[in-house]
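Below: the structure, in structure tokens.
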Amino acid sequence: MIDKINGLLGEVEHMNAANNEELEALRIKYLGKKGAINALMADFRNVPPENKKEIGVLLNQLKDKAQNRIKELKDALESHDDVAAGIDLTRTAYPVKLGTRHPLSIVRNEIIDIFGRMGFCVAEGPEVEDDWHVFGSMNFAEDHPARDMQDTFFIEAHPDIILRTHTSSVEARVMEHAQPPIRIVSPGRVYRNEAISYRAHCFFHQVEGLYVDRNVSFTDLKQLLLQFAKEMFGDGTKIRLRPSYFPFTEPSAEMDISCNICGGKGCPFCKGTGWVEILGCGMTDPNVLENCGIDSKEYTGYAFGMGVERIANLKYQVNDLRLFSENDVRFLKEFEAAN
Ligand code: DAH
């Protein structure tokens, strides 16, 4: 009996398998119900009582060794040889569920692309700003109502530090360090102290544009904005400019586009007028150029600013601003195709 056990121990130690079939054959041969080790176990009852202890220990060692060696071989097959282990490397991968870009990012990128094709590059500035860049340099009078606590988020201990209320502040950031020609668009988040509703939020997004060079004219501005409107809302889109007022531009205008929902005939969306407002614009006030170290006798400029949410509302007919910041995936998924 002892010789048989030792013989099997030697065999078991040197077991080898090239694939899963061979391994299974070995398992059956040694550890199967009718295998060699079980046969010895059955013989065990014929062992004289005085030898039972010694042989019992040996038999258990044999069984452990066999089990461990089979496990070792199995691990080796799995880690070294995927095909032998039954893994099909030619199988198609599981479909990966990708996220989608946020609708505001889609619209912002499209705005940047359109102006990028017309020679504008992107400039960014800080959201936490100082009074000078948001208001002072932009020609807001000391007592202008827009500086009022109602609209602007101040930091109590530092009234000079504010959350920017518009991206026009980036105009000043760029002009103080660069000389014309300057041609930039500035996308970014802005903050206003407003009660949150379907049509107002305490933060939203804008894209500002600025062009400063010799002989820049209002005609250039109008042509640029017409081209933008056509690319953004379709070739048939018309624009109209209405006189307006902004401290940083003179003259100033607001631009409407022909309602892209009814095509200008008049509908509830455009309140029957056939027109919807999309941006503010104008010729950069000479005071602004001088405030930022640019000679206003040599250079002129135009600027424009638009709300990204506004453009997205028109393009995708989203009527509740809050949807953009709630991150309800059912809403966000609607923009899968626009990605
Ligand atoms: N900053 C303005 C706002 O937040 C938008 C604007 C209007 C920007 C006219 C301009 C501009 O550059 O010329 O309402």
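Observations, loosely collected:
- Flag if LEU210 is open to solvent by 20 Å² or more (accessible area, probe 1.4 Å) and either within 13 Å of the ligand (Cβ to nearest atom) or under 20 Å from MET306 (Cα atoms) (or both): no
- Among residues that are open to solvent by less than 70 Å² (accessible area, probe 1.4 Å), in contact (Cβ under 8 Å) with a residue 12 or more places away in the chain, in contact with a Lys or Arg (Cβ under 6 Å, 6 or more places away or on another chain) and farther than 21 Å from VAL170 by Cα, ILE70 is included.
- Options VAL185, VAL190, VAL170; residue that is within 16 Å of MET118 (Cα to Cα), of a type outside the set (Ser, Thr, Tyr) and within 16 Å of the ligand (Cβ to nearest atom): VAL185
- GLU24 being open to solvent by 30 Å² or more (accessible area, probe 1.4 Å) and either closer than 26 Å to LEU73 by Cα or in contact with an Asp or Glu (Cβ under 7 Å, 6 or more places away or on another chain) (or both): yes
- Counting only helices (runs of 4 or more DSSP H) that fall entirely inside the stretch 227-339 and contain at least 1 residues that are open to solvent by less than 20 Å² (accessible area, probe 1.4 Å) and under 30 Å from ARG173 (Cβ atoms), the qualifying elements are 286-291, 308-316, 323-326.
- The set of residues in the stretch 259-295 being of a type in the set (S, T, N, Q) and more than 16 Å from the ligand (Cβ to nearest atom) consists of ASN260, THR273.
- Of the residues making up the stretch 308-315, one or more are in contact (Cβ under 8 Å) with a residue 60 or more places away in the chain, away from the ligand (no atom under 16 Å from the Cβ) and in contact with an Asp or Glu (Cβ under 9 Å, 6 or more places away or on another chain).
The values are calculated or read from the model by the stated rules, or taken from the named source; none is laboratory data. From a predicted model like this one, the values you see are computed outputs, not experimental measurements. Because the Cβ atoms are built from the backbone with ideal geometry, glycine has one as well, and the counts that use them run over all protein chains shown. Only protein heavy atoms, including side chains, enter the accessible area calculation; ligands, DNA and RNA are left aside. Shrake-Rupley method; radii C 1.70, N 1.55, O 1.52, S 1.80 Å.
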